[in-house]
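Single-structure report; data block below.
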Amino acid sequence: DGEQINADCSFTSSNPSVEYVNSIGIMQPMGPGTAYITITHRRSGASTSIPVMIAEVTDYHGVYDQNEHGIKVTCPGADIVYYTDANGSNESETSPMYTDAGEYEVFYKISFSNCEPIEGSAFVTIEKAERQLSISASEDTLVYPEQKTYSFTSDEDDMTKVSMQTENNNGCLTA
């Protein structure tokens, strides 16, 4: 009926660096890996162990740099299978890696001994890099009314966002 019963039990974790359990059985995940929580009745000595598997899944978010990027799944001792679609039809031996700008969803299944498999997904987000624009001039200074040539270079063909204005400022050309 929602009330706690003092079952006179003790609780221990086989791996407190993965799953910590206090004296009344409240558990706290500490890091990726596997642990067994053992519950022992103090009077009868009867006990049981519950497997606990903690996985750490890390999305990737960064700017396009031509390197390979993917999600990171950490769960020591577990078997991890990656999929590139939700149906699990495109199985991958290793975590799929992406090199082009875009957002990709990576699906995974984590299995360990007699634990129920953990299934989920994480995202790889690679943002398009800001366009780098450099300006080079034929001379360092310009005194009006001389003319100066500017050349623009960019890593893309689209130059529609490039503009320049000039004005006569007390006999000097400013841009």
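The values are calculated or read from the model by the stated rules, or taken from the named source; none is laboratory data. The structure presented is a predicted model; accordingly, all values stated were derived computationally and were not measured. Because the Cβ atoms are built from the backbone with ideal geometry, glycine has one as well, and the counts that use them run over all protein chains shown. These area figures cover heavy atoms from the full protein model, side chains too; ligands, DNA and RNA do not enter into them. Shrake-Rupley method; radii C 1.70, N 1.55, O 1.52, S 1.80 Å.
Selection of first residues in segment 87-110 that are surrounded by fewer than 15 Cβ atoms within 10 Å (Cβ to Cβ) and of second residues that are assigned to a loop (DSSP other than H, G, I, E, B) and of a type in the set (Lys, Arg), restricted to Cβ pairs under 7 Å at least 6 apart or on distinct chains, gives the following pairs, ordered by first then second residue: ALA101/LYS128.
Each residue in segment 34-72 was checked for being open to solvent by less than 80 Å² (accessible area, probe 1.4 Å) and of a type in the set (Phe, Trp, Tyr), and 1 of them qualify.
Taken over segment 114-131, the criterion of being assigned to a loop (DSSP other than H, G, I, E, B) and either among the aromatic types (Phe, Trp, Tyr) or open to solvent by 90 Å² or more (accessible area, probe 1.4 Å) (or both) is satisfied by ASN114, GLU116, LYS128, GLU130. Each residue in segment 75-86 was checked for being without any contact (Cβ under 8 Å) to a residue 40 or more places away in the chain, part of a loop (DSSP other than H, G, I, E, B) and not polar (S, T, N, Q), and 2 pass.
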